Amino acid sequence: MKNSVLLLISVFVIATCGLIYELVAGTLASYLLGDSITQFSTIIGLYLFSMGIGSFLSKFVKGNLLSKFIQIEFLIGFLGGVSSGLLFYLFNYVDSFRIILYALVAITGTLVGIEIPLIMRILKDNFKFNDLISNVFTFDYIGALLASLIFPLILVPYLGLIKTSLLFGVLNVSVGLVLCFSLDKAHVWVNKLKAIGMAVVLLLIVGFAFSDALTQHNEEVFLGEKIIIARSSPYQRVIVTSNKGRFRLYLNGNLQFSSDDEYRYHEALVHPPFRFNSDINRVLVLGGGDGMAVRELLKYKQISSIQLVDLDPVMLKLFKENSLLAKLNQHALSDKRLKVYNDDAMKWVAICKDSFDLICVDFPDPGNYAIGKLYTNTFYKSIQPLLKSKGLMVVQSTSPFFAPKSFWCVEHTIQSVGFNTLPYHIYLPSFGEWGFVMASKQSILNHSGHFADGLKFINDETFQTATVFPADMKADKVDVNRLDNQVLVNYFEDEWGKIQ
Amino acid sequence: MSDSRKISRKTFVKLGLLASAGAGIGIWSWSKSQPEKSNQWSLNSVNNNADIAHMMRDGIHIVPNQIIEMPVVILGAGVAGMSAAMHLSQAGMNEYVLLEMGEQNGGNSVSGSNDTSAFPWGAHYLPLPNLNQPELIDFLHRSGIITGFDANQLPVYDEINICFDPEERLFIDGKWRDGIEPESALSSKDIEQLESFHSMMKDYQNSIGSDGKEAFCIPVHLSSRDEAFLKLDELSMADFCKNNGFDSEFLKWYVNYACLDDYGADADTVSAWAGIHYFASRKGKAANVKTGQCLTWPEGNYRLIQKLQNNIKGQSLSHQLVYKVDKVNEVYQIDVYDYKLKTYKRYQTKQVIAALPNFVCKRIFNSALIPVESVSYQYYPWLVANMKVDYRKLKSNGVRLSWDNVVYGRSSLGYVNACHQHLNYSESLLNLTFYLPIKKGEASESRQWAGSQTKESWKQLILNELEVAHPDVNEAIIDMQYKLWGHAMIAPVKGFISAKLRKTKTPSQGLYFAHSDQSGISIFEEAFYHGIKAAKSILSHV
């Protein structure tokens, strides 16, 4: 009788655990894959169906049922416990993430499905059938209610997904362990199970203790968004977050794009030169390892060659191979016309013997001296030989509204080495006003070209407006940014420093 | 249920648990490998030819059988000897041999490298050159460092040679601050005295002596002989400051730092003339560079050495230990031991350029060939250490890493970022060059002290200096090597420069002493000047 009370408490605990695993998988899938309705719906469906399979399979479980039950508890506890950590980790490294996700959900669901029928068979001699059904399901549903309440209110905000699943893994295994200890010590199998159970609990506890180190838990929630990818390259920390199916890329904590409006930025970076030169065939992209600029370029059939130089191999690999991110750039990094160089732009440009019709310069903002060098007169001088006489260059030049001196310093520096410039700006909901400088060795007047079809933002009218700068985006005299003064970094720090 | 099935299911569970345990241990050990292990970097000494040099000190008594006739022999391939060789070659005179004791030409401007970058072992910058040395400007022009001249004939420099921003920072009051005189850390008295000191130096900079020459000039040799200025050579820089009422602690430190930086000796040791020269002689102008800026490269002045080497068309030999120089029947006999080939040879020549420091000349020359001088040549030792660091682990409180990083109030001069002039993105692995002038009493005592230090004691000393500003520096260092310069450079002690300026002793015919020792100030421009001067004299005799 003592065992039957314990078993009913077990039902309560395992029911809570089971629902928690299901919620963890659903939440995680929403974070990682976006579209929470689809994710929750499919995860719940698969989970319940797997439980059905488990129930069906339970009839094949024979012999020492209690021992089998305990073993299953250990297995579920372990699988459920490591599930979210494992999924977070694998998401970064596997292409077929969905298969792993659904497989894990199916296995956990199946095992959970075996639990209840098994427990009912174990208890069938201790209760009347009516009481048995009533007791088991009462505890089962109470556990489910508890799980569904504490999950959003306490567990996710305070523990995060990884620790939550580990914690419930521990509880799950503990159920098995408690049962072991309540049993007659005479059985050899009990002692064996005790040892195994304690080993698993220990493992999960160790995982719990080290989970911060494993997952940078502090980053798991980043600026209010869920981190789905966090990588450190030798150059920067690459973080991709997801929120309601919207992705954001952060480099060293600075927002680079948000998937819901990045098209505005990349259209503005890439398309305007095509209005001034109908003959753009060879293109160089400096920076832009996310492949978004290349995606825009590929809208022009006449382009025969695109060369892209980005320092960070991690960025290039992520945006080429990760199916979600490659979807954002429409697999631009795998296009045959593209040749990618994983190199330092300054170094690459210095030894490049090629020449281009268009050079898109898409570096991070000049927030430090290392990047500041890529905005100096020395750099623009070294670009000159790479640009054909009718060629055009576009440089992303930070915000003329938040950082007018920085913006005009870029423009002034480009001019100082002999380029004609055409500055323009657009509105990006995620960033605010953003500026670009177009440059050419010739005057930028000839409107002979056309924009590609199907653009969502840039057209003749919007571009016309973009070249008009109101008074609040002007700046007084600015210096040329040189290697030996790095004024741009100082302007940038002053101006953005005031805002942050 | 058959037994086999029973076992297989048990085995399944066990295997599952085993696998999970394995995975768990794997993840655990992976996470253990993430935090830094206690950092055990190694410190290695770099050969500075001391053992070879000591062979010379102890004397070699072999008379070589091999006799080589050579129109001109240049002893020492430092900046002076190489400049002389370059100048001869430019005049089409290539029948000379340039003999270097070390493995590498370059003297105090040699460099090393690792997989991260090149780095200097000694001299590492050239202040924007004055326009009064046309040969130097011409050399920089031919080397591509100067790209051309503007309408006012001012040189236009290729900006990759100019020290990038940020140039200097000082660690003071627990924080790195911008510049070497950060007002935020100074009292109003400090600031006042600095201002009046700089204005005094500005006056000296513009001063012209009664003989119409600049009071403080680079090269020193072209400075005024006006006694009004030469008398400043009779007192120490420290006394000069005291006499002028400069008692701000910061100013005193600053002046002392300047003396150590350029002369390797402190303000009590160097003369006021030399101390003022540091502040008042740099008048360089350029079309696109401001006066006061400097030229620098990852490998330091070894960049200039390479440019000199490109212009040397005569014979240039390394591993040459010159151990005896004599003059017999108007012919100089130069006995040389090639310690690499283990051969002895004697050069016979009528023209010798001794581009060697005075203490070496004294040991190898027949003393009758060396003019008698009353001045004392003193050389303090230096330690230079190059360390590869993971910059991400080098925590800095205050402003960011600069080219020159100085810690207030310490005996070391701080460190220079050898990767500062890199154009490519370099914010992770860096080479930092640490400079420590050694003053433990007199020059010879300091040398003795330095010689008695062990690798371990240097390591501790370097760490102690660095930890003031970077408590975690030990974690950031990946490896370190050091070089001890026993006779690093001449110290312009009281009376030295004025004696040199008052009268130059004429050495024996056909023998030219060309070394920055002749100026008393060990800088590139002086060595270059003396090298060119000697080469010119030789050309005028040919």
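The values are calculated or read from the model by the stated rules, or taken from the named source; none is laboratory data. Please read all numbers here as calculations on a predicted model, not as lab measurements. All Cβ positions, even for glycine, are placed from backbone atoms using ideal geometry, and neighbour counts span all protein chains on display.
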Checklist entry - Do we have B:SER402 as within 14 Å of chain A (Cβ to nearest Cβ), in contact with a strand residue (DSSP E or B) (Cβ under 6 Å, 6 or more places away or on another chain) and crowded, with 17+ Cβ neighbours inside 10 Å here? => result yes
Item to check | Qualifying positions in region A:299-320 - in contact (Cβ under 8 Å) with a residue 40 or more places away in the chain and within 23 Å of A:ASP453 (Cβ to Cβ) | outcome: A:LYS299, A:TYR300
Item to check | Residue that is modelled with the lowest pLDDT [pool: residues in region B:501-517 that are assigned to a helix (DSSP H, G or I) and surrounded by fewer than 24 Cβ atoms within 10 Å (Cβ to Cβ)] | outcome: B:ARG502
Checklist entry - Being of a type in the set (A, V, I, L, M) and in a helix (DSSP H, G or I), is that true of even one residue in region B:349-360? => result yes
Checklist entry - Considering A:VAL480, A:VAL489, which residue is part of a helix (DSSP H, G or I), within 11 Å of another protein chain (Cβ to nearest Cβ) and among the aliphatic types (A, V, I, L, M)? => result A:VAL489
Next on the checklist: I'd like to check which strands (runs of 3 or more DSSP E) are fully inside region A:225-306 and have at least 2 residues that are more than 19 Å from A:SER399 (Cα to Cα).
Outcome noted: A:225-232, A:237-243, A:246-251, A:282-287
Checklist entry - Within region A:349-362, how many residues are closer than 24 Å to B:ASN161 by Cβ and surrounded by fewer than 20 Cβ atoms within 10 Å (Cβ to Cβ)? => result 4
Next on the checklist: Quick check on my filter: what residues within region A:381-407 are part of a helix (DSSP H, G or I) and touching a strand residue (DSSP E or B) at 6+ places or on another chain (Cβ under 8 Å)?
Outcome noted: A:ILE383, A:LEU386, A:PHE407
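Yes/no matrix, rows are residues, columns are (1) surrounded by 15 or more Cβ atoms within 10 Å (Cβ to Cβ); (2) out of contact with any Leu (no Cβ under 8 Å at 6 or more places or on another chain):
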{"site": "B:PHE434", "(1), (2)": "yes, no"}
{"site": "B:SER444", "(1), (2)": "no, yes"}
{"site": "B:TRP449", "(1), (2)": "no, yes"}
{"site": "B:SER452", "(1), (2)": "no, yes"}
{"site": "B:LYS455", "(1), (2)": "no, no"}
{"site": "B:GLN460", "(1), (2)": "no, yes"}
{"site": "B:LEU466", "(1), (2)": "yes, yes"}
{"site": "B:PRO471", "(1), (2)": "no, yes"}
{"site": "B:ALA476", "(1), (2)": "yes, no"}
Item to check | Of residues in region A:183-215 being among the β-branched types (Val, Ile, Thr) and at pLDDT below 80, the one nearest to the chain's Cα centre (by Cα) | outcome: A:THR215
Checklist entry - When residues of region B:412-421 are filtered for being out of contact with any Leu (no Cβ under 7 Å at 6 or more places or on another chain) and either hydroxyl-bearing (Ser, Thr, Tyr) or more than 29 Å from B:LYS440 (Cβ to Cβ) (or both), how many remain? => result 2
Next on the checklist: For region B:138-159, which positions are among the hydrophobic types (A, V, I, L, M, F, W, C), over 16 Å from B:ALA527 (Cβ atoms) and crowded, with 20+ Cβ neighbours inside 10 Å?
Outcome noted: B:ILE145, B:ILE146
Next on the checklist: Looking only at region B:225-253, how many residues end up being touching an Asp or Glu at 6+ places or on another chain (Cβ under 7 Å) and either surrounded by 24 or more Cβ atoms within 10 Å (Cβ to Cβ) or assigned to a helix (DSSP H, G or I) (or both)?
Outcome noted: 3
Checklist outcome for this item: Counted residues in region B:284-308 being away from chain A (no Cβ under 14 Å) and within 12 Å of B:ALA118 (Cα to Cα) come to 5
Checklist entry - Of the residues that sit in region B:254-304 and are of a type in the set (Lys, Arg) and either surrounded by fewer than 20 Cβ atoms within 10 Å (Cβ to Cβ) or in contact with a His (Cβ under 7 Å, 6 or more places away or on another chain) (or both), which one is nearest to B:TYR377 (Cα to Cα)? => result B:ARG282
Item to check | Of all residues in region A:310-330 being within 14 Å of chain B (Cβ to nearest Cβ) and in a helix (DSSP H, G or I), the one that is surrounded by the fewest Cβ atoms within 10 Å (Cβ to Cβ) | outcome: A:PRO313
Item to check | Hits in region A:331-345 (condition: within 14 Å of chain B (Cβ to nearest Cβ) and either surrounded by fewer than 18 Cβ atoms within 10 Å (Cβ to Cβ) or within 20 Å of A:GLN415 (Cβ to Cβ) (or both)) | outcome: A:TYR341, A:ASN342, A:ASP343
Checklist entry - So which residues in region B:127-159 are within 20 Å of the chain's Cα centre (by Cα) and either more than 20 Å from B:LEU222 (Cα to Cα) or among the charged types (D, E, K, R) (or both), if there are any at all? => result B:LEU140, B:ILE145
Next on the checklist: So for region A:155-165 (the condition being farther than 30 Å from A:ASN342 by Cβ, touching a strand residue (DSSP E or B) at 6+ places or on another chain (Cβ under 9 Å), modelled with pLDDT under 80 and in a strand (DSSP E or B)), does at least one residue qualify?
Outcome noted: no
Checklist entry - Do you know which residues across region A:369-413 are touching a His at 6+ places or on another chain (Cβ under 6 Å) and among the polar types (S, T, N, Q)? => result none
Checklist entry - What number of residues in region A:368-419 are closer than 22 Å to B:SER402 by Cα and away from every other protein chain (no Cβ under 14 Å)? => result 1
Checklist entry - Only one of B:CYS217, B:CYS259 is under 27 Å from B:GLY122 (Cα atoms) and not in a helix (DSSP H, G or I); which? => result B:CYS217
Item to check | Single residue of region B:407-453 satisfying the filter (aliphatic (A, V, I, L, M) and assigned to a strand (DSSP E or B)) that is nearest to the other protein chains (Cβ to nearest Cβ) | outcome: B:LEU429
Item to check | Checklist (1) modelled with pLDDT of 95 or more; (2) surrounded by fewer than 18 Cβ atoms within 10 Å (Cβ to Cβ) applied to A:GLN396, failing item | outcome: (2)
Next on the checklist: Here is a list: A:GLY432, A:GLY497, A:GLY449. Which entry is within 14 Å of chain B (Cβ to nearest Cβ), of a type outside the set (Val, Ile, Thr) and over 30 Å from B:LEU295 (Cα atoms)?
Outcome noted: A:GLY497
Checklist entry - Which one of these is surrounded by fewer than 18 Cβ atoms within 10 Å (Cβ to Cβ), farther than 30 Å from B:ASP203 by Cβ, in contact (Cβ under 8 Å) with a residue 12 or more places away in the chain and touching a helix residue (DSSP H, G or I) at 6+ places or on another chain (Cβ under 7 Å): B:LYS327, B:LYS313, B:LYS345? => result B:LYS313
Next on the checklist: Take A:GLU461 and tell me if it is among the charged types (D, E, K, R), surrounded by fewer than 24 Cβ atoms within 10 Å (Cβ to Cβ) and within 19 Å of A:LYS474 (Cβ to Cβ).
Outcome noted: no
Next on the checklist: Criterion first (part of a helix (DSSP H, G or I) and at pLDDT 95 or above) does A:VAL437 satisfy it?
Outcome noted: no
